Amino acid sequence: MKFSNIKIHNFRQYYNDVNIDLTTDIERNIVVIGGRNGYGKTNFLLSIVWCLYGEKISQIDDNFKKEIQKEKNYSSFMQQSINWTAKRENKDTFSVSIEVSEIELPNLNKLNSNSDSVIITRTFNVTSMNETLSISDTNSSMEIFDDDSDKINFINDYIIPIDAAKFVFFDAEKISEIANLSIKEEGSFINDALGKILGLDTYDTLIEDIEFYINTLKKEGAAKNLQEQIVDKEKAIELSEIDIEKLEEENAEKLKEIDDLKKIIRQYDNLISQHSKQGNSTFDRESILSEIEKLKAKEFELSEKFNELSEIIPLAILTGKLEEVSEHLEIQEKNSISQNSSKENAEKIENFIELLFNKPPEPENSTMSFKDKLFYYDKAKNLGSELFASNGKYQELEFEHDLSNAEKNLIIDALNLVNSQSKDLFETTIEELNEVQIKLYELNKTLNKVDADLEDELILEYSSKKETADYNITENNRKIGENNQQISKLRSDIVRLNQQLLTLVKKVDINAQNKIKIKESQKYIDVLNTFLEEQKNKHKDSLEKTILSELKILMHKLGSEENSSKFIEDVKVTILASGQGMKITLLDQDDNEIRKESLSSGEKQIYISCLIKAILNESIQSLPIFIDTPLGRLDEEHRDNITRKYYPALSEQVVLFSTNSEITPKRYKDISENISKSYLLFNDGANTSLKNGYFNNTSND
């Protein structure tokens, strides 16, 4: 499948009709769209996602969700999406069209039997606030569907399912954050990715539906008092989710304010710099400002990381006790298995002896006395106990923990969370944050000296206003940090409330009829889980091989025999229990786990890129891939590797949105044989247009 053409009409920076030919072939699979920051690369990607999914784009990815939250809601987001020039000309409609080709289409009356392409168009009118979706035959231009639900189902079934969109349209720099997820979260991510790509998510949804049905049956027989407690917990969960949504919306507004304040600061900096040329300073003010901006971004990133780590400190202090409880529970479980096994064997031996001595047939004219029978009965019993004894050793415990499965899982999750964050990571984060703050202090001191040389009153006024904007950015970042801590607490509360809800439901006295229904429903869940596990096991080996081979190709630490033996030697994929997905483990030459959080930002991006390629390789059909910031956090050597060796082999159609500092003219030349089309975004201050070619090589054709 490929997106062969995009037409953007009055959407955001794109004024009137902007047509982009994205056709590729087997040898030339890459389309490069270059442009400076703010020229419309991200909005180009956003336009495609909006065309396919409309109001549901917030479900795809947190980055798209934040874009909407910045405008408070979808309606406001849409009103702000019409091109400003078009709006001044009293035009009130914008649209995006995508021609999707090389797809297997269903047999439909309104569709040409030879057709393998369709045109999807989404239109929005800001006056009537009316949104329309059209899917037409490319050859006849005839509308294929009348009902909107059929159109949505068609996109999900034959184009790209909404749940798989995050692996097709993404920011490579931001997606590297997946490497920081906990075992459970990463397992869920991989489970989602593989499920969506392979179509297994249908079975996951079916399991969820059956589990919901079982819980409904369980709650039916609850006494009034218990029913009220269950309802209270459900309401508390719902209110916590609403509070999280409000806090996320507030954060999005704060981020928008920060973006606006940064623009204001840049304006003041430009004005100050223009006048500073009259001074006698030997310092390059522009270089100082550029370095300060980079350090502030790094400071914010490290502060966020430190806040996340701070939440784990209480658990880290209790690690010893948690491990003791976990070991105790493990022994309890082994003892329980050993006792059950011994009991089961004893019953079988008893039954065997009973059948042997006291049930026909018996030998004719048997002279065995009762005393002899008793002797052989005891002997058989002792031999049976020796021969069929349980292998598990029983360990005597002074006491046993009376915990539910949910409570046991909480302890395991807490330990996994602590273990995923090493002591070195705490120390490194604090050291890096201190180092950045010291550098910022020194640079601001230098900048103040430069600006102090300027006697102009106007300059002093600009400096004062800039300081105010800087202060407001700091305050907004502080508020975002507070909100994030509150969101983390609310999410922990939701986990706790769900565990309590589960405990309450278990107390319900279920009637006989519902017990039968639950038992039968559970059988369906067991069958579905077995099927899903079989499917995942089929793909486990190929995922391991692809991830490892890609890592060896792309990571420069693995580029030589000397380095490879000191770094990643193997990759293991483990199927997690209870349908929690898969765990990817990176191993060194001694089979020790290499924690992903110990990787650099660039190495994390490489790892996630390899994981995404491995998942895409399992797909039944080739999908088009659209990537913003393709070389974001990578160092120069990694940038060269991923440009030359990764993107040309990623998919049959790869569209890259890049600045000239990422895919430089030299890197562009390195992959020129793989490039089908290239465009450069130009902005006249209000609108963005495209020219054929790339940086330093464009035409108006």
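Of all residues in the range 59-72, none satisfies being crowded, with 18+ Cβ neighbours inside 10 Å, of a type in the set (Phe, Trp, Tyr) and in a strand (DSSP E or B).
Every listed requirement among (1) in a helix (DSSP H, G or I); (2) crowded, with 19+ Cβ neighbours inside 10 Å; (3) polar (S, T, N, Q) is met by Ser95 save one, (1).
Each row is one residue, and each column tells you yes or no for (1) among the charged types (D, E, K, R); (2) touching a residue at least 40 places away in the same chain (Cβ under 8 Å); (3) more than 30 Å from Asn617 (Cβ to Cβ); (4) in a helix (DSSP H, G or I).
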| site | (1), (2), (3), (4) |
| --- | --- |
| Asp209 | yes, no, yes, yes |
| Ser240 | no, yes, yes, yes |
| Glu245 | yes, no, yes, yes |
| Lys262 | yes, yes, yes, yes |
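In the set Leu105, Leu52, Leu45, only one residue is more than 29 Å from Tyr646 (Cα to Cα) and surrounded by 16 or more Cβ atoms within 10 Å (Cβ to Cβ); that residue is Leu105.
In the list Leu289, Leu318, Leu239, Leu261, which residue meets the criterion of being over 18 Å from Arg491 (Cβ atoms), out of contact with any Ser or Thr (no Cβ under 8 Å at 6 or more places or on another chain) and at pLDDT 75 or above? Let's see the steps before the verdict.
Working: Leu289 fails: out of contact with any Ser or Thr (no Cβ under 8 Å at 6 or more places or on another chain); Leu318 fails: at pLDDT 75 or above; Leu239 fails: over 18 Å from Arg491 (Cβ atoms).
Only one candidate passes the filter, namely Leu261.
Name the residues in the range 675-691 that are among the polar types (S, T, N, Q) and crowded, with 17+ Cβ neighbours inside 10 Å, would you? Write out each step before concluding.
Restricting attention to the range 675-691, the residues satisfying the condition of being among the polar types (S, T, N, Q) are 676, 678, 683, 687-689.
Matches in the range 675-691: Ser676, Ser678, Asn687, Thr688, Ser689.
Report those helices (runs of 4 or more DSSP H) wholly inside the range 593-701 carrying at least 3 residues which are within 28 Å of Ile568 (Cα to Cα). So the answer is 601-617, 636-641. One residue stands out in the range 603-615 among those that are out of contact with any Phe, Trp or Tyr (no Cβ under 8 Å at 6 or more places or on another chain), farther than 14 Å from Ile190 by Cβ and touching a residue at least 60 places away in the same chain (Cβ under 8 Å): the one that is surrounded by the fewest Cβ atoms within 10 Å (Cβ to Cβ), namely Lys604.
Would you be able to tell me the number of residues in the range 5-19 that are closer than 27 Å to Ser115 by Cβ and surrounded by fewer than 18 Cβ atoms within 10 Å (Cβ to Cβ)? Qualifying residue count for the region: 2.
Please go through the range 140-162 and give me each residue that is charged (D, E, K, R) and either in a loop (DSSP other than H, G, I, E, B) or outside the structural domain of Glu99 (by TED's automatic domain parsing) (or both), ordered by number.
Taking the range 140-162 as the starting set, the residues that turn out to be charged (D, E, K, R) are 143, 146-148, 150-151, 157.
The answer is Asp146, Asp147.
Do you know which residues across the range 1-39 are of a type in the set (Phe, Trp, Tyr) and in contact with a strand residue (DSSP E or B) (Cβ under 6 Å, 6 or more places away or on another chain)? If you could, list the steps in order and put the result at the bottom.
Of all residues in the range 1-39, those of a type in the set (Phe, Trp, Tyr) come to 3, 11, 14-15, 39.
Within the range 1-39, Phe3, Phe11, Tyr14, Tyr39 meet the criteria.
State all residues of the range 503-516 that are part of a helix (DSSP H, G or I) and buried (at least 16 other Cβ atoms within 10 Å of the Cβ); if no residue qualifies, say none.
Scanning the range 503-516 gives Leu504, Val505, Asn514.
The values are calculated or read from the model by the stated rules, or taken from the named source; none is laboratory data. A quick note: this is a predicted structure, and the numbers were derived from the prediction, not measured. Cβ coordinates were reconstructed from backbone atoms using ideal geometry, including for glycine residues, and neighbour counts include every protein chain displayed.
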